[in-house]
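Working notes, beginning with the structure itself.
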Ligand SMILES: Cc1cc2nc3c(=O)[nH]c(=O)nc-3n(C[C@H](O)[C@H](O)[C@H](O)COP(=O)(O)OP(=O)(O)OC[C@H]3O[C@@H](n4cnc5c(N)ncnc54)[C@H](O)[C@@H]3O)c2cc1C
């Protein structure tokens, strides 16, 4: 049920009737989705003085809750977006200075090459990352010395990079504190419809309907509900947006994981995500998994510390259609992810698999690999913030730009090429 105080504030537009609300300097904004992206947008808008309500659907699976939460500031595309993303760590640090602990901490990242690949492949990779930190090649023995429970099979060594991550429990606590201080109203409810409203003097441009029948009125809405956005906007309006289903296993550990985050030096995920639908089937000829007829499954051997112990692997099931996929069969996902335990951990067997908890959730992405950030031309007051690649580095630098655009009524710099409605390659004009 929507909080009646917030309803009153946004429904009747009479701010004076709510004593604990900071008066809005500009628009009243509803942010839909309180995962990483929605939370960062709510924070950025509230910092600019907006009266913000942040709504999240209870019980909906979210990707943020089981992310590795690494900050890949060096992995942006060439050009203006990559330059911005390179400043992600500084932006996190500045946010933490303003709001207190948000869980940001330095760590290291071990990138594992494929079998048979060695330091040469690793050093080639670093030349492809213009904003990348200097990596150091370490032999398998040195890797095991960092964390004895890490024992990658068939590996000659790894490329070790300085890295940063966000500890999710601390992020969640710090965020709650910051949002409370900035008077952001957090609501629970599932938005199911963007109501058509005629724009004109005295009208509220945006009305949202929730599944319990509640109507929310506001001057702007920012859609940050990742993979669920097509429930509110026709998917033809966001031609680039797709989603995959991700899975990971949380393995409880008696002692804290002291080793690095681990990821594969190469992953097929981006290659498959950004290829056209036809190419995606063709590209899926690799040995890792057998594709089901309607989608492709990628298994990334990686791990990251989490509050329970260690989070293992990531499966990504990519649909070949823009329509939402069903979550993959949990038993099959566990079997796939068990291979990551076998590959990376010194101790792995049926006992560990039985203890591990499967996490599943949808992750949005775009076909051209660039996020969707900006307003919708045919819907006054409707903004989109989704489809990130590495959102812990991208969303944190783009949220303040979106807030500024909304505040000033001017779109983001077109050179960033982030317009949510941009067509697919070959469909321009
Ligand atoms: C295993 C794994 C590892 C990852 N590692 C990294 C990493 O190291 N670095 C990195 O940058 N990224 C990583 N990612 C990706 C990243 O975690 C996600 O892309 C990101 O967390 C998505 O955030 P989000 O806010 O878009 O969506 P979500 O976290 O999915 O949040 C969506 C929100 O929308 C709400 N919602 C949905 N529908 C409605 C509705 N109708 N009405 C109201 N609310 C609604 C939900 O309740 C939820 O609050 C990883 C992902 C996975 C799965």
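The values are calculated or read from the model by the stated rules, or taken from the named source; none is laboratory data. Note that the structure is a prediction, hence the values are computed from the model and not measured. With ideal geometry, Cβ positions are generated from the backbone for all residues, glycine too; neighbour counts draw on all protein chains shown.
In the range 99-111 there is no residue that is surrounded by fewer than 14 Cβ atoms within 10 Å (Cβ to Cβ), modelled with pLDDT under 95 and in contact with a helix residue (DSSP H, G or I) (Cβ under 9 Å, 6 or more places away or on another chain).
Sort out which residues of the range 404-419 are crowded, with 24+ Cβ neighbours inside 10 Å and either out of contact with any helix residue (DSSP H, G or I) (no Cβ under 8 Å at 6 or more places or on another chain) or in a helix (DSSP H, G or I) (or both), and write them in order of number. Passing the criteria: only 406.
Listed by first and then second residue, the pairs with beta-carbon distance under 9 Å, at least 6 apart or on different chains, first residue in the range 40-65 and under 15 Å from residue 178 (Cβ atoms) and at pLDDT 95 or above, second assigned to a helix (DSSP H, G or I) and near the ligand (Cβ under 7 Å from one of its atoms), are 40/391; 54/38. Taken residue by residue, the range 158-166 has at least one member that is more than 26 Å from residue 114 (Cβ to Cβ) and touching a helix residue (DSSP H, G or I) at 6+ places or on another chain (Cβ under 7 Å).
Check whether at least one residue in the range 234-244 is without any contact (Cβ under 8 Å) to a residue 24 or more places away in the chain, within 12 Å of the ligand (Cβ to nearest atom) and part of a strand (DSSP E or B), and report yes or no.
Residues of the range 234-244 that are without any contact (Cβ under 8 Å) to a residue 24 or more places away in the chain, as a first pass: 234, 236.
Retained after the next criterion (residues that are within 12 Å of the ligand (Cβ to nearest atom)): none.
No, every residue in the range 234-244 fails to be without any contact (Cβ under 8 Å) to a residue 24 or more places away in the chain, within 12 Å of the ligand (Cβ to nearest atom) and part of a strand (DSSP E or B).
All told, residue 159 falls short of being crowded, with 18+ Cβ neighbours inside 10 Å, in contact (Cβ under 8 Å) with a residue 12 or more places away in the chain and within 14 Å of the ligand (Cβ to nearest atom).
Do we have any residue at all in the range 52-63 that's buried (at least 22 other Cβ atoms within 10 Å of the Cβ) and away from the ligand (no atom under 14 Å from the Cβ)? Yes; the residues of the range 52-63 include at least one that is buried (at least 22 other Cβ atoms within 10 Å of the Cβ) and away from the ligand (no atom under 14 Å from the Cβ). Filter the range 344-393 for residues that are in a helix (DSSP H, G or I), at pLDDT 95 or above and in contact with a strand residue (DSSP E or B) (Cβ under 9 Å, 6 or more places away or on another chain) and give the result. Listed by number, the residues that qualify are 352, 353, 355, 392, 393. Would you check if residue 339 is within 16 Å of residue 248 (Cβ to Cβ), touching a strand residue (DSSP E or B) at 6+ places or on another chain (Cβ under 9 Å) and either assigned to a loop (DSSP other than H, G, I, E, B) or modelled with pLDDT of 95 or more (or both)? Taking the combined requirement at face value, the residue does not satisfy it.
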